[in-house]
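Read-outs throughout are calculated quantities, based only on the coordinates presented, and are distinct from any laboratory measurement. Computed from a prediction, not measured in an experiment: that's the story for all the values here. Methodologically, a virtual Cβ is constructed for each residue, glycine included, from the backbone with ideal geometry; neighbour enumeration extends over all protein chains shown.
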Amino acid sequence: MVPGWKTRNSAAALVIVTTLLISSCSFLVNAQDVSYPSVAYPSNSWLNVPVFDFSIWDSAGVRPILITGTFVCGFHCRVPKFDNCLFAISIFQANTSDGNNLSSAPKIVWSGNRNQPVRLRASLQLSGNGDLMLQDVDGTPVWNTNTTGKFVSGLKLTEEGNLVLYDGNNETVWQSFDHQTDTLVPGQALFSGQKLTANVSTSNSSSGLYSLTIVNDSLIAFLEPDAQQTYFGPLKVKTYEPGQSKALYSNGSFGPFLLPSTSAPQFIKLEADGYLRAYQLRESKWEQVSDLFINSTGPCDIPSVCGKYGLCSNGSCRCPDAKDKDSVVYLSQVSEDPSLGCSLKRPVSCRPSDHDHSHSLVELKDFDYFNFAPQIKDTDRENCKEACLKECSCKAAIYREQSNSSIG
């Protein structure tokens, strides 16, 4: 079985942060303030090392480089080990009572190296020739802006959370808003040719299965790597000029979607489960305020909603009951969570001898796939099965009968 099966009927501003010194006897407020700029100039470099001064940033695993308003740009590491570090931008908010604590964990809204985290003592360099470069502790190049020779005069973090390299005329040379990961913030737009791609999971920031993009002036969500495997859309967006369609995220809307208006920090995110959701900060907690796909997708319409080999029926997940002559082909669940999918009891082998003699297809009636694109037309059930059995990578086949022809 493959993912997605379902029942068919279903200049520089400074931010002052007071640090705390903690002694074994009492809590003392340090009189020394730590200041972080919003602008940096070439040549410059920063090392990924925690300060260990019991500041609000150490507890969050953040080594700030630039701060503007409620946005911080710097190294974001997994605590308490300070490993698995991203060069990233996040939204934060300090407690209004004392400013010495974060009201909630910073939420990452952009990262340069989501697919290749770095370690402690990695470095970020803003070179004299205009390139912003991230290197791991062993000197391995990880990420850069490819802006060498572009006459870069500075690096700034804007009030909107946009990281910008600019030239002597204050013109943008490079900006993070054009290199989205899985999240948008107010003031940011998704243009034709750009996409959001979800994380693999909440604990793995690497690029995952689901993406959101604009194709033919319409928003679509699809299963990577094929944009034809859509599970949401198409939904029309505004066209500002030929070939320049965009969905703008403003306070109260994202393209054709309406959102709650608020003065609180907010963002929208394509999540690891394939849904697009909006969040805002309420009483020191990030709360979901809108599920943008909810009116267009049913409980079984998201691919992999039940994990690998899982079957979805009315929002509930289960594993196939398929059996061969000797034993159950599929185990019940990978874990107690049925949405994590099922595992094969015997892996599918691509050796000709095994493939020819031990593989067969077991019929599951009244199940469908989220996106059906026929590869073989004008065939019958048996020929459809044989075509799959002869292809080692084929683990499931959909056969549909229509009034005038058969499609497999």
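Plainly put, region 217-259 has a radius of gyration that is 1.03 times its Kirkwood radius, both from alpha-carbon atoms, as the Rg/Rh ratio. The lysines whose alpha-carbon is closer than 19 Å to the alpha-carbon of K238, local same-chain residues fewer than 8 away aside, are K195, K246. Sorting R277, R78, R63 by the number of Cβ atoms found within 10 Å of their own Cβ, with the fewest placed first, yields R78, R277, R63. Over the Cα atoms of region 39-163, the radius of gyration divided by the Kirkwood radius equals 0.97; this is the Rg/Rh ratio.
Remark: region 39-163 carries a charge dipole of roughly 220 debye about the Cα centre, counting +1 on each Lys and Arg Cβ and -1 on each Asp and Glu Cβ.
Here the label points at D380 and E401, each 7 Å from Cα along the C-beta direction, are separated by 1.2 nm in the simple model.
Neighbour counts of C-beta atoms inside 10 Å place Y369, Y240 in the sequence Y240, Y369, starting with the fewest.
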